[in-house]
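Step one of this worksheet: look at the structure below.
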Amino acid sequence: MQRIVWGEGSLFSSVLGRQKYSGAPLRWSRFVLFEPVEGGTLLFNALTRVLVFTDAALDVRTDPASLPDAALWQERWFLIPQDANELQTADQLGRVTEMVYRASLEAEEKSSFTVYTTTACNARCPYCFEKGYAPVTMREEDADRAAAFIRSHAAGRNVSLRWFGGEPLLNTAAIERICADLRRDGVSFRSSIITNGYLWTEESVASAKEDWKLDWAQITLDGTEESYNACKQYVCSDPSPYRRVLRNIGMLLEAGIAVGVRLNLTLENAEELLRLIDELQERFGGSKDFGFSLHELFEYDFLSADPAWQDGGRILDAYRRLLLRLEDYGHSLDLAQYNRPRKHCMADSARSFAIYPTGELLKCDHFRAEEVVGDVVNGVTDPALVKSWRERSAKTALCRDCPLYPACVRLKKCPDEPADCSPMMREIRLFNCRRGMRTEWQRVCKSGQEKA
Ligand code: SF4
Ligand code: SF4
């Protein structure tokens, strides 16, 4: 028995279509991931993005000739002729989807803006990328100009704002002003915020809900009370900033604002993060608006080089343990990223910009003076620079051997991604994909039970 959990999207089916059964000897496509689950196996094809459940126990060693339904597996590109050049097929498909994606850029329905209200911060995290820059804060007139740019660039589209910094709550005046200007001009908008969460008050939470149309706040926590307080080094006399941030998370959730706690995994802090997850889950797990995201924070170059792979293995184990603990609490990854074939982030979108406090426009939220593409008064002044942010990274030898080859999009200029994917990064991405496969299947099983 086979059950399609996710069918291919219309783009994939119109470009690739169904593979004809040629009668030639078959083999499994290298783009297929197998995941054993209760009662059978899940198979995800990263070329066609089809996810199938079968009640058979299959894996890459299963001889296609032994399958009673080989034609069905071939039709959907899970099985291919032994001499097929699937990298070439993936490259051709990639070129077409890239063209379709680029042609659709101008038609994006939403305009998104990341607004730096200030680059100053009340914490002093060791990993902050703003370190070394003189802090700049958005003035009233810059906020008005930013709002005017947002309105004209959105040109009637819905607007999504993301308050960013530094610590954006150090300049709520700029947020209030931009929101008031947009409301006055009839612009429809929602917002989110990346904050350390310390400065919230009852008043600012109420304004955020009402006036900023804030739906979501991301708050980074680096550990439980003692290590968090030591890491953040807040400029304050508060004996425990950690407790205050937790109180504020509670206030946000109570106001109906979703909170995502960002966990930054390093080589040292896995045990600490496991304790933190338990603690936060106990306190906030009852809220449907509470969640987590897990990120690895380390020097990619260091880990991609031998002999540091040992540490890569250690961090991979830690990553898996943390992700499984989050799953135990119902915070699961999904396959959503494979639903949008070519988009990477704001940098390669035509409708997204970051706005620096002084009005410079950027395509990426990591500020670098040489990457300024324009300003809020004159708009984009360097279209070639904007275009350069859409360039994809070349595939490497590691990619050519990776099941995610057709689905993986990386930007050449993304400062968050290494030039070469390391074996560990690849393992993390594959692990995420396998967990996402399970989530999608569980969703289908659950909805089937609900219908029954
Ligand atoms: S970048 Fe990494 S995950 Fe993506 S295809 Fe290459 S090896 Fe695989
Ligand atoms: S750091 Fe990378 S992912 Fe983030 S906005 Fe810049 S290009 Fe995009």
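The values are calculated or read from the model by the stated rules, or taken from the named source; none is laboratory data. Please read these numbers as outputs of a predicted model, since none were measured by experiment. Glycine also receives a Cβ, built like all others from the backbone with ideal geometry; neighbour counts cover every protein chain displayed. Note: areas computed on protein heavy atoms with side chains; ligands, DNA, RNA excluded. Shrake-Rupley method; radii C 1.70, N 1.55, O 1.52, S 1.80 Å.
Once label points are set 7 Å from the Cα along Cα→Cβ at both Q82 and V235, what is their separation, rounded to one decimal in nm?
Computed distance between label sites Q82 and V235 equals 7.0 nm.
Each label point is 7 Å from the Cα along the Cα-to-Cβ direction; what then is the distance between the points at A173 and L72, in nm?
6.7
Between helix 270-284 and the chain, what is the angle of the helix's C-alpha long axis to the longest principal axis, kept within 0 to 90° and rounded to the nearest 10?
Taking the Cα atoms of the chain, the angle to 270-284 is about 70 degrees.
What net charge is computed for the residues neighbouring R429, neighbours being all others with C-beta under 12 Å from the C-beta of R429, Lys and Arg scored +1, Asp and Glu -1? Each step should come with its number before you reach the end.
Working: positive: R410, R426, R434, R435; negative: E296, E417, E427.
Summing Lys/Arg as +1 and Asp/Glu as -1 gives +1.
Give the separation of the Cα centroids, the range 172-211 to the range 414-437, in Å.
Value for the Cα centre distance between the two parts: 34 Å.
Just to confirm a number: summing +1 for Lys and Arg and -1 for Asp and Glu over residues other than Q218 whose beta-carbon lies under 13 angstrom from that of Q218, what do you get?
-2
Mind checking the dipole of the chain: about its Cα centre, +1 per Lys or Arg Cβ, -1 per Asp or Glu Cβ, Debye to the nearest 20?
Working: 58 positive and 65 negative charges, 260 e Å.
The calculated dipole for the chain is roughly 1240 debye.
Provide the FRET efficiency to the nearest 0.05 for the A206-K343 pair, computing r from the beta carbons and using R0 = 30 Å. Intermediate results must be reported in sequence, preceding the final value.
Numbers: r = 34 Å, r/R0 = 1.15.
It comes to 0.30.
Calculate the spin-label point distance for V444 paired with A134, positioning each point 7 Å from the Cα along the beta-carbon direction, and give it in nanometres.
Computed distance between label sites A134 and V444 equals 5.9 nm.
From a point 7 Å beyond the Cα of T358 in the direction of its Cβ, which residues of the range 136-152 have a backbone N at a distance under 13 Å?
Taking a point 7 Å out along Cα→Cβ of T358, the residues of the range 136-152 whose backbone N falls under 13 Å are 136-139.
Go through K288/K387; K413/K446; K232/K395; K209/K412; K213/K343; K20/K413 and tell me which ones have a Cα-Cα distance over 32 Å in this structure.
On the way: K288/K387 39 Å; K413/K446 41 Å; K232/K395 38 Å; K209/K412 37 Å; K213/K343 26 Å; K20/K413 40 Å.
With Cα atoms farther than 32 Å apart: K288/K387; K413/K446; K232/K395; K209/K412; K20/K413.
Translational diffusion coefficient, Stokes-Einstein: compute it for the chain using the Kirkwood radius over C-alpha pairs as Rh, at 20 °C and 1.002 mPa s, and state it as an integer in µm² s⁻¹.
Working: Rh = 24.2 Å.
This corresponds to a translational diffusion coefficient of 89 µm²/s.
For L11 and A56, FRET efficiency with R0 = 22 Å and r from the beta-carbon atoms, rounded to 0.05?
Details: r = 29 Å, r/R0 = 1.34.
It comes out at approximately 0.15.
Listed highest first by mean packing, meaning other Cβ atoms within 10 Å per residue, what order do 171-182, 374-385 come in?
Values: 171-182: 20.8, 374-385: 14.2.
By packing density, highest mean first, the sequence is 171-182, 374-385.
Measuring with a 1.4 Å probe in the full set of protein chains, what accessible area per residue, in whole Å², belongs to the chain?
Numbers: 21040 Å² over 452 residues.
Computed with neighbouring chains in place, this is 47 Å² per residue.
Roughly what percent of Cα-Cα pairs across the range 350-452 reach past 16 Å?
More than 16 Å apart: 68 percent of the Cα pairs in the range 350-452.
Once you have a ≥ b ≥ c as the square roots of the Cα gyration tensor eigenvalues for the range 2-84, tell me rounded if a/c is under 1.5, and otherwise prolate or oblate according to whether a/b is larger than b/c.
Values: a/c = 1.78, a/b = 1.09, b/c = 1.63.
Judged from the Cα gyration tensor, the range 2-84 comes out oblate (a/c at least 1.5, b/c at or above a/b).
Of the heavy-atom accessible surface of the range 121-244 (probe 1.4 angstrom), what whole percent is carbon and sulfur?
Values: 2850 of 5730 Å².
It is 50 percent, rounded to a whole number.
Counting only other residues whose beta carbon sits under 11 Å from that of A84, what net charge do I get with K and R as +1, D and E as -1?
So the surrounding residues net to 0.
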